[in-house]
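This report concerns only the one structure given below.
None of the figures in this text is laboratory data; all of them are computed from the coordinates on show. In this text the structure is predicted, and so the values were computed from the model without any measurement. FYI the Cβ positions are ideal-geometry reconstructions off the backbone, even for glycines, and counts take in every protein chain you see.
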Amino acid sequence: MGQARVLAVVETTGGEARPASLELFGAGRTLADRLGGELVALVVGSGVQMVAELAGALGADRVLVADDPALGEPVAARAARAVEAAISAADPELVLLPATTLGRDVAPLLAGRLRAAHLVNCTRIEIDDEAVVATRPVYQDKLLTTVRAPRGRRVFITVRSGAFAAPEPQASRLVPVEPLAVSFTEADRLVTVTRLVEKPKGQTNLESAPIVVVGGRGVGSAENFRLVEELAAAIDGAVGCTRAVSDLGWRPHYEQIGQTGKNVRPKLYLGVGVSGAVQHTVGMRGSDTIVVINRDPNAPLVKMADFAIIGDLFEIVPRLAKRLREVRGKA
Ligand SMILES: Cc1cc2nc3c(=O)[nH]c(=O)nc-3n(C[C@H](O)[C@H](O)[C@H](O)COP(=O)(O)OP(=O)(O)OC[C@H]3O[C@@H](n4cnc5c(N)ncnc54)[C@H](O)[C@@H]3O)c2cc1C
């Protein structure tokens, strides 16, 4: 295997990088340095030149761009052709993909086709002279397993969203961007996307939001979530919820955080009427600062928090939102 030791596959949608792809650069740069080789980025999609520049700014040494209308649709067979072409061009030892729906399809497809190893949904990746060693949560995050793939063979790794932080882009970092030609077979075009359902416009992406305000069952009803929305708006945060709340139909399922929902690691997590069940905290424990409003001083999330306000959320939240609006000139 050549000088390019790590290939990071950047998935795009509508010409923009998926946030989980950007986190690959956090893991990829460290691994490439450890291996003494290049970090090569592959940007896959249609109309994605801007993403290619971003990949350079995030730490890639070289950027390959598979820009083709056929890659504008998230179809695994076609994305796999692009990754295969990049592997031929860069000859990497490790191939990192986000553990998105598409990444989880492409990685095993290619690992099988290329007789390579595959480490799935990893939250930590290390490498020594003999093996790539990764950590992967299993049984709905109840256990962490350590998995190994021997060196000397190519290894595909899907990286769990939220496990690594995306580096800060350095605008001055300019790296070569090379177009990559991809050819498709007739079979690659058999599957087409007939409909994409977009989230309502104006909604902040929970997984990349620096501030997340989460409402739990303590909020009491769908109508009462107006309080959580107002608090989030006062600090430009995204609204999230617990499973108790999405199961009750108070908020949409895509706002759910935790084991069976999304992973978030914002700079500020603010939990309102959330108890802090382990199935919830696995999805937010990487947050930089955790603040909680709860009337129960013994709630697990209160114990885990950096700051806790003990009291009735119906008294605290409106006053806090009002004060924050004043302080931030939004009153
Ligand atoms: C297989 C499995 C997977 C799961 N996956 C997830 C997941 O992905 N995400 C998730 O969130 N959960 C998940 N759960 C559910 C999880 O176990 C908890 O039931 C859930 O997280 C509890 O949600 P909650 O904190 O909103 O509600 P509760 O546990 O009911 O907590 C409500 C909190 O609000 C406080 N409160 C009530 N009224 C007020 C008030 N007026 N003022 C201040 N505080 C108040 C209470 O003191 C309490 O601490 C899963 C469970 C299972 C079995």
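Lys and Arg at +1, Asp and Glu at -1: add these up for the other residues within a Cβ distance under 14 Å of Val132 and post the number.
On the way: positive: Arg5, Arg34, Arg124, Arg136, Arg148, Arg151, Arg153, Arg154; negative: Glu93, Glu126, Asp128, Asp129, Glu130.
Within the 14 Å Cβ shell, the charges total +3.
Taking only C-alpha pairs under 8 Å that are 6+ residues apart, what is the relative contact order of the chain in percent? Numbers along the way, then the final one.
On the way: 743 pairs, mean separation 45.8, N = 331.
Computed value for the chain: 14 percent relative contact order.
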**Message:** Let me check I've understood the local charge: for Val193, count other residues with C-beta under 12 angstrom from its C-beta, Lys and Arg +1, Asp and Glu -1. What total comes out?
**Reply:** +2
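Give the shape of segment 206-327 as rounded, prolate or oblate, defined through the alpha-carbon gyration tensor: a ≥ b ≥ c are the square roots of its eigenvalues, a/c under 1.5 means rounded, and otherwise the shape is prolate if a/b is larger than b/c and oblate if not. Working shown, then result.
Working: a/c = 1.22, a/b = 1.19, b/c = 1.02.
Rounded, since a/c falls under 1.5.
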**Item:** Where N is the number of residues in segment 4-189, Cα Rg divided by 2.2 N^0.38 Å
**Value:** 0.94
**Message:** Placing unit charges on C-beta atoms (Lys and Arg positive, Asp and Glu negative, everything else neutral), compute the dipole magnitude of segment 206-327 about its Cα centre in debye, rounded to 20.
**Reply:** 140
**Request:** Give me the angle, in degrees from 0 to 90, between the Cα long axis of helix 225-234 and the longest principal axis of the Cα atoms of the chain, rounded to the nearest 10.
**Result:** 70
**Request:** Please build a GNM for the chain, connecting alpha carbons under 10 Å apart, and tell me which residue among Pro176, Pro92, Pro19 fluctuates the most.
**Result:** Pro176
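Suppose a student asked you for the relative contact order of segment 3-74, using Cα pairs under 8 Å spaced at least 6 residues apart; what percent would you report? Write down the numbers at each step before the final one.
On the way: 145 pairs, mean separation 25.0, N = 72.
In percent, rounded to a whole number, it is 35.
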**Asked** Between segment 117-147 and segment 275-331, what's the alpha-carbon centroid distance in Å?
**Response** 32
**Asked** Measuring from a point 7 Å past the Cα of Gln49 along Cα-to-C-beta, which residues in segment 65-90 have an amide N at less than 20 Å?
**Response** 65-73
**Request:** Find the eigenvalues of the gyration tensor of the Cα atoms of the chain, then list the square roots of 5 times those eigenvalues as equivalent ellipsoid semi-axes, largest first, in whole angstrom.
**Result:** 39, 21, 19
**Asked** If you average the sequence gap of Cα pairs under 8 Å that are 6 or more apart and divide by the length of segment 89-162, what percent do you get for the contact order?
**Response** 42
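If you place +1 on the Cβ of every Lys and Arg and -1 on the Cβ of every Asp and Glu, how big does the dipole about the Cα centre of the chain come out, in debye to the nearest 20? Provide the component values of the computation, followed by the final result.
Details: 39 positive and 37 negative charges, 148 e Å.
Dipole magnitude for the chain comes out near 700 debye.
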**Item:** Net charge of neighbours whose Cβ lies under 13 Å from the Cβ of Ser246, counting Lys and Arg as +1 and Asp and Glu as -1
**Value:** +2
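Relative to the present Cα-Cα distance, how much length would full extension add between Tyr139 and Thr101 at 0.36 nm per residue of separation? Display every interim value, and only then the final one.
On the way: separation 38, 0.36 × 38 = 13.68 nm, distance 1.89 nm.
Result: 11.8 nm gained on full extension.
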**Fill in**
Within the set Ser172, Ser21, Ser287, GNM on the chain using Cα springs under 10 Å gives the largest fluctuation to Ser172
**Message:** Along the Cα→Cβ direction, 7 angstrom out, place labels at Arg325 and Val278. What is the inter-label distance in nm?
**Reply:** 4.1
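Which is the longest part of the chain that has none of the GluC sites (Glu not before Pro) sitting in a DSSP loop with at most 12 other Cβ atoms within 10 Å?
Looking at the chain, 1-129 is the longest stretch - no exposed GluC sites (Glu not before Pro) with at most 12 other Cβ atoms within 10 Å.
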